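Step one of this worksheet: look at the structure below.
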Amino acid sequence: MKQPDTTPGAVVHRDGVPGGRYWSMVIRRGYTLRLVDRDGKANVSALLYNPQNLLERYNMADTLKGQHTSKLTRGNMLYSDMGRVMLSIVEDTAGWHDTIGGITRDADILRKYGEHRFQQVRNDFYRSGRELFLIELAKWGLGKRDLVANLNLFSKVYAGADGILHFDPDHSESGDHVDLRAEMDTLVVLNTAPHPMDPAPAYAPGAVDLVIYRSPPVADDDVCVNFRPENARAFANTAIHNCQG
C-alpha cells in the first residue's frame, strides 16, 4: 500500500510525540493533520471531541455502521454521535487502522512488561493508554466518563479464518502517514502507548511526527464525501452545523 511521499504545502505547524506519551490540539476546520509513523512501530490511539460542545465526540459504532466497515482507511470519515463528520481520511499509506482493539490499562502494562515507576527509572517509566488519555483529557476539563471507544492509527487487527482476532505486528512501515482533514473544529487527543494486542515482549512504543497544513478546497468528486451516500449526508449535516457556528 506504500505510496510516494506527498509532502503537503502550506504547512503551519510541525511537532513530534515520543513513544509512550500524549498530545492534543484543536484542529480547525480547513486544516489537515498528518500523522507519520517515524520508525514503523507507532500505535496512535485517538479520541475526538467538539471543542464548542465537549459532549459531542467521535462515535465508533456510527462510524463503522454508516460506512459498512470494521477498519478505516482513505475515503472513510470519522462520525460524531450527532451524525456529523469530524475528520476525513484523505490520504493513507498504511491502508488499515484499527477501530476495535481499545487501549491498555495499568494492569495490562504491569502484567506484560513489569513495574517501571518514575521513582525507579525516571523518564523511562511505563504508562498505559488509559492513563495517558486521562492525563491529556484533564487539560480540557474531561475525565473518566469521557473515555469512549477509540481508534488506533497504524495498527491492524483482523478476524482470521479461525474466528479469532489477530494483531499484525508488521503492518505499518517507517514513513507511513495518514492525513485527517477537519470538517469541523475538532479537539484531537492522542497517545502513543503500545496497542493492547501488540505481542512485542518489551515496552518500546514508536514515535509519531505531526504536520498541520491548510486543506485544499473540497472538490465535487472528493473521495471521502462520495465514498458512501451516508458520508454525503453526514457532510451536509456538518455544513449546516458550521454555518450555525
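The values are calculated or read from the model by the stated rules, or taken from the named source; none is laboratory data. Bear in mind that the values here come from a model prediction, so they are computed numbers and not experimental data. Virtual Cβ from ideal backbone geometry, glycine too; neighbours counted across all protein chains shown.
Would you say Asn53 is surrounded by fewer than 20 Cβ atoms within 10 Å (Cβ to Cβ) and of a type in the set (S, T, N, Q)?
Working: surrounded by fewer than 20 Cβ atoms within 10 Å (Cβ to Cβ): yes; of a type in the set (S, T, N, Q): yes.
Yes; evaluated as a whole, the condition is true for this residue.
Identify all residues within the stretch 17-44 that are outside any loop (DSSP other than H, G, I, E, B) and either touching a Leu at 6+ places or on another chain (Cβ under 7 Å) or among the charged types (D, E, K, R) (or both); write none if there are none. Please lay out each step first, then the result.
Start the filter on the stretch 17-44 by keeping residues that are outside any loop (DSSP other than H, G, I, E, B), which leaves 17, 22-27, 31-37, 44.
Answer for the stretch 17-44, where residues must be outside any loop (DSSP other than H, G, I, E, B) and either touching a Leu at 6+ places or on another chain (Cβ under 7 Å) or among the charged types (D, E, K, R) (or both): Val17, Tyr22, Trp23, Ser24, Val26, Ile27, Thr32, Leu33, Arg34, Leu35, Asp37, Val44.
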Those residues that are under 17 Å from the mean Cα position of the chain (by Cα) and surrounded by fewer than 20 Cβ atoms within 10 Å (Cβ to Cβ), I need them from the stretch 136-161; list them, please.
-> Glu136, Asp146, Leu147, Val148, Ala149
Within the stretch 65-74, is there a residue that is in contact with a helix residue (DSSP H, G or I) (Cβ under 9 Å, 6 or more places away or on another chain), aliphatic (A, V, I, L, M) and over 19 Å from Ile135 (Cβ atoms)?
-> yes
Going through the stretch 67-78 in order, the residues found to be out of contact with any strand residue (DSSP E or B) (no Cβ under 6 Å at 6 or more places or on another chain) and either surrounded by 16 or more Cβ atoms within 10 Å (Cβ to Cβ) or among the polar types (S, T, N, Q) (or both) are Gln67, Thr69, Ser70, Lys71, Gly75
For the stretch 81-100, indicate whether the set of residues that are out of contact with any His (no Cβ under 9 Å at 6 or more places or on another chain), within 20 Å of Gly143 (Cα to Cα) and surrounded by 18 or more Cβ atoms within 10 Å (Cβ to Cβ) is non-empty.
-> no
Being among the β-branched types (Val, Ile, Thr) and either loosely packed, with under 15 Cβ neighbours inside 10 Å or in a loop (DSSP other than H, G, I, E, B) (or both) is the filter; apply it to the stretch 205-230 and report the residue that is farthest from the chain's Cα centre (by Cα).
-> Val218
Would you please list the contacts, defined by Cβ atoms under 6 Å and residues six or more apart or on different chains, that run from a residue in the stretch 161-179 that is among the polar types (S, T, N, Q) to a residue that is assigned to a strand (DSSP E or B) and at pLDDT 95 or above?
-> Ser172/Asp37
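Give the stretch 152-204 a look and list any residue that's among the aromatic types (Phe, Trp, Tyr), more than 17 Å from Leu132 (Cα to Cα) and either touching a Pro at 6+ places or on another chain (Cβ under 9 Å) or not in a loop (DSSP other than H, G, I, E, B) (or both), or say none.
Of all residues in the stretch 152-204, those among the aromatic types (Phe, Trp, Tyr) come to 154, 158, 167, 203.
Filter once more, keeping what is more than 17 Å from Leu132 (Cα to Cα): 154, 158, 167.
Residues satisfying the conditions are Tyr158, Phe167.
Somewhere in the stretch 167-180, is a residue of a type in the set (Phe, Trp, Tyr), surrounded by 15 or more Cβ atoms within 10 Å (Cβ to Cβ) and within 22 Å of Val17 (Cβ to Cβ)? I'd like the intermediate steps shown before the answer.
To start, the set of residues in the stretch 167-180 that are of a type in the set (Phe, Trp, Tyr) comprises 167.
Imposing the further condition that a residue be surrounded by 15 or more Cβ atoms within 10 Å (Cβ to Cβ) reduces the set to 167.
Still in the running and within 22 Å of Val17 (Cβ to Cβ): 167.
Yes: the stretch 167-180 contains one or more residues that are of a type in the set (Phe, Trp, Tyr), surrounded by 15 or more Cβ atoms within 10 Å (Cβ to Cβ) and within 22 Å of Val17 (Cβ to Cβ).
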Any residue in the stretch 21-40 that is out of contact with any strand residue (DSSP E or B) (no Cβ under 7 Å at 6 or more places or on another chain), surrounded by 22 or more Cβ atoms within 10 Å (Cβ to Cβ) and at pLDDT 95 or above?
-> no
